[in-house]
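All remarks here apply to the structure that follows.
FYI, it's all coordinate maths here, none of it is from the lab. In this text the structure is predicted, and so the values were computed from the model without any measurement. Cβ: placed from backbone, ideal geometry, glycine included. Neighbour counts: every protein chain shown.
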Amino acid sequence: MLQEDGTKTEEQCKRYAQVMLKNISYMETLIDDLKLTYQLANVELKKTSVAIFFSTHIISDIEKCADDIVYISGGNIVAATSKADFVTRFSMSGENLEQTFLRLERGAVNE
């Protein structure tokens, strides 16, 4: 999108700046999510009987932080159980949690 002499027009610069600002916003959100995940993974709240409701689509966060899983699909609670029980009930042999969730979202329940 450069002019023939290699310079950018003012409009091109404005559009580029808007794209960069949007990317910065996405990065800030991602960094905040990573900070929260790190904090949850490293805080010893289990000893104080504290419950935290953590809603995420990032399966690695569930693997790191969750003791229990409430799996909601199509507005319905499909499962509300411990992570270990969830894996036993829904995972197929050799599947990790991400593969299990992807299969479940495609409609293949293994229970």
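Could you rank the peptides 79-89, 12-22 by their average count of other C-beta atoms within 10 Å per residue, with the highest value first? If you can, show how the numbers build up before the last one.
Working: 79-89: 14.1, 12-22: 10.9.
Descending mean neighbour count gives 79-89, 12-22.
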Next on the checklist: If I model a spin label as a point 7 Å beyond the Cα along the Cα-Cβ vector, how far apart are those points for T9 and V78 in nm?
Outcome noted: 4.9 nm
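In a shell of Cβ-Cβ distance under 13 Å around L21, excluding L21 itself, what net charge do Lys and Arg (+1) and Asp and Glu (-1) give? Kindly include the intermediate steps, with their values, before the conclusion.
Numbers: positive: K14, R15, K22; negative: E28.
Neighbour charge sum, excluding L21 itself: +2.
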